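First comes the structure, then the notes that go with it.
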Amino acid sequence: MTQYNKWIEIDLDAIKNNLQQVQSGLENGIRLIAVIKNNAYGQGALESARVLYQNGVSFFAVSYLGEALELKQSGIKGNIMLLTPLLSEDEYTEAIKNNITLTIASLKDWEKVCYFSTRLRMLTTIHLKIETGLGRFGFSNAEEIFKLLKEPYEEEYVYIEGIYTHMAQAQNERYTQKQFSLFEHTCEKLEEAGRHIPIKHCANSTVFIKYPYLHLDAVRIGTLLTGQYPAGKLPHVLELKDPYKYKCRIISLKNLKKGSKIGYNSTYKIKKDAQIAVIPVGYCDGLALEVANPPSGFVDMLKLLGKSVFRYLNIPQFNFNVKIRGQYFPIKGKVFMQMALVEIPKKVFVQVGDEVEVPIKKTLTSESELRLYISKSQAGKKSHGSSVNYLIEGE
Ligand SMILES: *Cc1c(COP(=O)(O)O)cnc(C)c1O
């Protein structure tokens, strides 16, 4: 067996549990589109798709063609839908040949899907995307869609199965209502014109929980399947389980005296004699990285400032803690590129080689990195009942 010193453990039973929780909140006949973009938010798209499919999901969504093809080529059954428009002729050809459901968000997209489907003589299923307030992409109104439906393009090879929009701030009921009204209006206009589109959808995880009347014909769920609640205040009505554990082993252990300084710039001084454990996890793994989005409001800004101040003052609640032998210990000093230091009281028994659970944001791992560990996982995968371990690239 390969000895490796960092890995990700995914508990497939937890994914199944989360799915069942979501399904229990769905009325009969409403479809679940499982969003497994960005490698199922870091949990492994292939393994997730397999478990979900075995438990009744037959509709998946990802952002990019590469992700969809990987699922297809790995034998994942069910519909696979793209949430972004395609770019090049090659992409259209590849997508159509592989029977991938496409998002059509503009007249240009429509022209291309008609053109390439006709040329290949293959039926392409599409969903129309309506832009109602997120500012990403989509048609602005029914008139824009009528324009395309009147264009002299051969529609014989294109099936409009769905129409959808995406909410910008689902926590805000007024804004969500406004977006929904625009969407509904567009759908109604199309119905009046004799265009019945069978699957209408607008619900992500927040909408799913907060507004059951917006489940419509299908819901698109990602976050809840990963065992997390979306950001913001939401009633915790589902019993979710986190399938994801990032683990590593202590690679070095040293006793240091009270007053010793550790890390670059010596930002931390040890207050009592302690053991310092080195773990092989650092910035490159996403440890201690924060998303640098602008604060969403004044309170949010104060929170961010507060966090920095409290970290500076070494307030224990704001530590990054790792778990070793069932106990939590803080990461201290500056995090290194590929390593970090953990302070452990002198009396506690730990050893080099001990397992360490590290709090790393799963979505931080980039798509390309994820692909590496996924492909490596084929060789390095160990099965423990119903969990899988992913070997991390480079080990
Ligand atoms: C990511 C995404 C979702 C899933 O959203 P969650 O809040 O994670 O459930 C749904 N729809 C679209 C268009 C998305 O991009």
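Compute the helix-to-body angle for 12-24: its Cα long axis versus the longest principal axis of the chain, expressed 0 to 90° and rounded to tens. Roughly 40 degrees, rounded to the nearest 10. With Cα atoms defining each centre, region 219-294 and region 151-201 are spaced 41 Å apart in the structure. Positive-end ranking of Gln23, Ala45, Met81 along the dipole of region 15-134, with charges on Cβ about the Cα centre, is headed by Gln23. Axis angle, to the nearest 10 degrees, between helix 298-312 and the longest C-alpha principal axis of the chain: 20 degrees.
Here region 12-226 is assigned +1 on the Cβ of each Lys and Arg and -1 on the Cβ of each Asp and Glu. Its dipole about the Cα centre then comes out at about 400 debye. Computed with the Debye formula from one identical point scatterer per Cα of region 193-286, without solvent, the log10 of I(q)/I(0) at q = 0.10, 0.11, 0.17, 0.23 Å⁻¹ comes to -0.58, -0.63, -0.86, -1.16. Less than 5 angstrom separates the built amide H of Ile80 from those of Phe60, Thr101, all sequence-distant by 5 or more or on a different chain. Which entries in the list Lys257/Lys361; Lys271/Lys361; Lys129/Lys189; Lys6/Lys245; Lys303/Lys361 go over 21 Å, if you measure between the two C-alpha atoms of each? Violating the 21 Å Cα-Cα cut-off are Lys257/Lys361; Lys271/Lys361. Per the Cα gyration tensor, region 1-105 maps to an equivalent ellipsoid with semi-axes of 25, 21, 11 Å, ordered largest to smallest. For Leu128, the amide hydrogen comes within under 5 Å of the amide hydrogens of Ile104, Gly162, Ile163, Tyr164, counting only partners 5 or more places away or on other chains and with H modelled in the peptide plane. So which trypsin sites (Lys or Arg not before Pro) in region 122-165 are both in a DSSP loop and have at most 11 other Cβ atoms within 10 Å of their Cβ? When the trypsin sites (Lys or Arg not before Pro) of region 122-165 are filtered for loop state and at most 11 Cβ neighbours within 10 Å, nothing remains. Charging the Cβ of each Asp and Glu at -1 and of each Lys and Arg at +1, and nothing else, the dipole of the chain about its Cα centre rounds to 2480 debye.
Positive-end ranking of Ile197, Val358, Gln228 along the dipole of the chain, with charges on Cβ about the Cα centre, is headed by Val358.
Calculate I(q)/I(0) for region 12-226 by the Debye formula, one identical point scatterer on each C-alpha and no solvent, and give its log10 at q = 0.11, 0.13, 0.15, 0.17 Å⁻¹ to two decimals. Summing over Cα pairs of region 12-226 leads to -0.51, -0.73, -0.97, -1.23. Across the chain, the mean sequence separation of Cα contacts (distance under 8 Å, 6 or more residues apart), normalised by length, yields a relative contact order of 19 percent. Relative to the longest principal axis of the chain, what angle (0 to 90°, nearest 10) does the C-alpha long axis of helix 367-380 take? Tilt relative to the chain: about 70 degrees.
Taking 8 Å as the Cα distance limit and 6 or more residues as the minimum spacing, I'd like the relative contact order of region 12-226 as a percentage. Each step should come with its number before you reach the end.
On the way: 375 pairs, mean separation 43.3, N = 215.
Value for region 12-226: 20 percent.
The 3J(HN,Hα) values that the Karplus relation (6.51, -1.76, 1.60; θ = phi - 60°) gives for region 271-287 are, in residue order, 8, 9, 3, 8, 9, 10, 9, 9, 10, x, 10, x, 3, 4, 9, x, 5 Hz. Gly and Pro appear as x. The apolar share of the surface of region 1-141, taken as the fraction of accessible area on carbon and sulfur atoms (1.4 Å probe, ligands and nucleic acids excluded), comes to 45 percent. Protection proxy ranking of 319-326, 275-282, 258-265, by the mean of other Cβ atoms within 10 Å over each peptide's residues and highest first, is 275-282, 319-326, 258-265.
Considering the convex hull of the alpha carbon atoms of region 131-243, report its projected area averaged over all viewing directions, in nm², one decimal. Numbers along the way, then the final one.
On the way: hull surface 33.8 nm².
It is 8.5 nm².
In this rough spin-label picture, where each label sits 7 Å from Cα along the Cβ direction, the Lys150-Glu89 distance is 3.0 nm. Over all Cα atoms in the chain, the spread is summed up by Rg and Dmax: 24.3, 80 Å.
The values are calculated or read from the model by the stated rules, or taken from the named source; none is laboratory data. Since we're looking at a predicted model, the values are computed, not measured. No Cβ is skipped: glycine too gets one built from the backbone with ideal geometry, and neighbour counts run over all protein chains shown. Ligands, DNA and RNA are stripped out before the accessible areas are found, and what is left, the full protein with its side chains, is counted by its heavy atoms. Shrake-Rupley method; radii C 1.70, N 1.55, O 1.52, S 1.80 Å.
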